[in-house]
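Here's the structure we're looking at; comments come further down.
The values are calculated or read from the model by the stated rules, or taken from the named source; none is laboratory data. Because the structure is predicted, anything quoted here is derived from the model rather than measured. Note that each Cβ is placed from the backbone with ideal geometry, even for glycine, and that neighbours are counted across all protein chains shown. Please note that ligands, DNA and RNA were not included when accessible areas were found on the heavy atoms of the full protein model with its side chains. Shrake-Rupley method; radii C 1.70, N 1.55, O 1.52, S 1.80 Å.
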Amino acid sequence: MPALNATQPPFGLMQDWPLTVDRVLEHARVNHGHREIVSRSVEGPIVRETYADLYARARQVSTALLEDCVQPGDRIATLAWNGARHMELWFGAMGIGAVLHTVNPRLFPEQIAWIINDAGDTHMFFDLTFLPIVEQLAEKCPAVRRWVLMTDEAHAPPAGKIPNLAIYESFIAGKSRDVTWGNFDERTAAGLCYTSGTTGNPKGVLYSHRSNVLHSLTSLQRDSLGFSVDDVIMPIVPLFHANAWGITFSAPAVGAKLVMPGSKMDGPSIYELMDAEKVTFSAAVPTVWLMLKQYLEETGKRLPHLDRIVVAGSAVPEAILRSYEDDYGVKVFHAWGMTEMSPLGSMGATTPEFREQGKDAVQRNKLKQGRPSFGVEMKIVDDNGNELPRDGKTTGHLVVRGPAIAGAYFKNAGGNILDKDGYFDTGDVAHMCPLGYMQITDRAKDVIKSGGEWISSIDIENIAVGHPAVANAAAIGLAHPKWDERPLLVIELKPGQSASREDILAFLTGKIAKWWLPDDVAFVEKIPLGATGKLNKLQLRQTFRGYTWPEQAVAAR
Ligand code: ADP
């Protein structure tokens, strides 16, 4: 076939406009330059800057990096909370074709060192909070040639153990803003984020400029995040948790005001900032919403400006959904996604079919993980990859495809991750209904298989946290002499509250199938959480390995 050029049919004749993320901030500067980014700084005070300031300072970051010999493709790491400086780095690094690598500071120092070395980071920017961790990391990460403490000289510590340490404000002070951004292939790598890897080593997900821009356009659909310039958005979900679910791009794309909580994510601090800045939209994992709910209940305070929240990362418990909607008038959107998906995969926006049935039907349906936005294809398949019916009950492996979904891991870790049709196996087990609502019943590695049938641990947990004395719950499958595996329900009680095994089982009875009822209930001081706030079931299974079931439970089945 002869080579085609852009002036010959069948090509269209539209302008070619590479989808690079610097254009998002350029748009915000030109059209929304005065809108604010308000941050609770790690040093303490609330700091205000505009998108115009952010743009200017991000360009200074670019020059500083270039003068420090950063090359396109170099990985620039951060150990940082949500704040304006983190955003400046974001665009300053990506704009010149470097890769912004967010590292999750909640991991153990050894894991952090492993990730930094695997990524081959050349620079590490970190908040004051992480100085003690970085002091341990410096000698373990020889490839990092510059450590930058994200503060000013007034807050800098006396010279210490960290070699090649720079102070952020001095590092960028007086640097030229005359720097070229973009001007490269839209498929150029822009960001790197390691998944938590509950099995094996963490794996890097390498986002491209194109995937970030497409994901932000996708998420701006009204049935997804649907932001507007009217919104005041507080991403409580950290930037190191899959780009704060893309908010770092989607908020500037519409010029929404941003409110960054910094290191303080407890109920009172979140409330204070939300109230003062009149936040209309926020996104976080269920644990955060639970803490804020407890604070509101204790104080009788309300959040009149808060219009809607996204709950994702783990399933939204019914008690949280109903309380925010019914008691506080906040619309709750349940989303599902993965680091590998940039991360949004589906969203529980309501369709007319449920709205017509009334509020209760709408809320029950919102407990499902929802429907994909344009840009994500999903289906459920059996063990051989055959598509299963969308009948609302047949469960199978959830697989996904799309331009903002990983095609391989960084350095090809784990080899080929796609099936013959290009679908990525999410590792989640789910069913879909004829209207396209997907509901996760488990992680493949967490399913409880009793007598050959799957029991949904998520269903059991969601009901259990509705018990007034229960702070958190985890259902795990443990070996059983007759049924292969049976569920053990692990309960963390709220401070000062009490409940017995029988109370909990009675509370579950009638709400789930009889054979799903846990065979026993164990009470623990604290349910272990992973680095992104999810139940750490691997640790729980280890803790309860070899568990002895009560005799009556074994006999009863
Ligand atoms: P990490 O890899 O750090 O655990 P991810 O955000 O990539 O973080 O985790 C993705 C997984 O989290 C999904 O595959 C799914 O198991 C779980 N998850 C995310 N959102 C939900 C949700 N709304 N309901 C149930 N599980 C969820």
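Every condition in (1) modelled with pLDDT under 95; (2) part of a helix (DSSP H, G or I); (3) away from the ligand (no atom under 16 Å from the Cβ) holds for D383 except the one numbered (2).
Scanning for something under 27 Å from H27 (Cβ atoms) and surrounded by fewer than 24 Cβ atoms within 10 Å (Cβ to Cβ), does segment 285-306 turn up at least one residue? Yes, because at least one residue in segment 285-306 is under 27 Å from H27 (Cβ atoms) and surrounded by fewer than 24 Cβ atoms within 10 Å (Cβ to Cβ).
Hey, any hits in segment 455-466 for a residue that's assigned to a strand (DSSP E or B), in contact with a Lys or Arg (Cβ under 9 Å, 6 or more places away or on another chain) and surrounded by fewer than 21 Cβ atoms within 10 Å (Cβ to Cβ)? No: zero hits.
The residue that is most open to solvent (accessible area, probe 1.4 Å), among those in segment 65-118 that are under 14 Å from V144 (Cα atoms) and charged (D, E, K, R), is R75.
Restricting segment 340-355 to residues that are of a type outside the set (K, R) and at pLDDT below 95 leaves a set whose member that is farthest from the ligand (Cβ to nearest atom) is P352. When S346 is tested against (1) open to solvent by 20 Å² or more (accessible area, probe 1.4 Å); (2) out of contact with any Asp or Glu (no Cβ under 7 Å at 6 or more places or on another chain); (3) touching a residue at least 12 places away in the same chain (Cβ under 8 Å), exactly one condition is not met: (1).
Consider segment 516-529 and keep the residues that are in a loop (DSSP other than H, G, I, E, B) and closer than 17 Å to A471 by Cβ. The one that is farthest from the ligand (Cβ to nearest atom) is E525. For the structure I just gave you, tell me whether F171 is of a type in the set (F, W, Y), more than 28 Å from the chain's Cα centre (by Cα), surrounded by 15 or more Cβ atoms within 10 Å (Cβ to Cβ) and away from the ligand (no atom under 16 Å from the Cβ). Criteria met by F171. Number of residues in segment 304-318 that are within 15 Å of the ligand (Cβ to nearest atom) and either of a type outside the set (S, T, Y) or free of Cβ contacts under 8 Å to residues at least 24 places away in the same chain (or both) equals 9. Considering (1) open to solvent by 60 Å² or more (accessible area, probe 1.4 Å); (2) within 16 Å of the ligand (Cβ to nearest atom); (3) in contact (Cβ under 8 Å) with a residue 12 or more places away in the chain, the lone condition that T532 does not fulfil carries the number (1). Taking segment 1-108 and the strands (runs of 3 or more DSSP E) fully enclosed by it, the elements with 3 or more residues that are among the hydrophobic types (A, V, I, L, M, F, W, C) are at 75-79. Once segment 267-312 is narrowed to residues that are of a type in the set (A, V, I, L, M, F, W, C) and more than 25 Å from A256 (Cα to Cα), the residue that is modelled with the highest pLDDT is L296.
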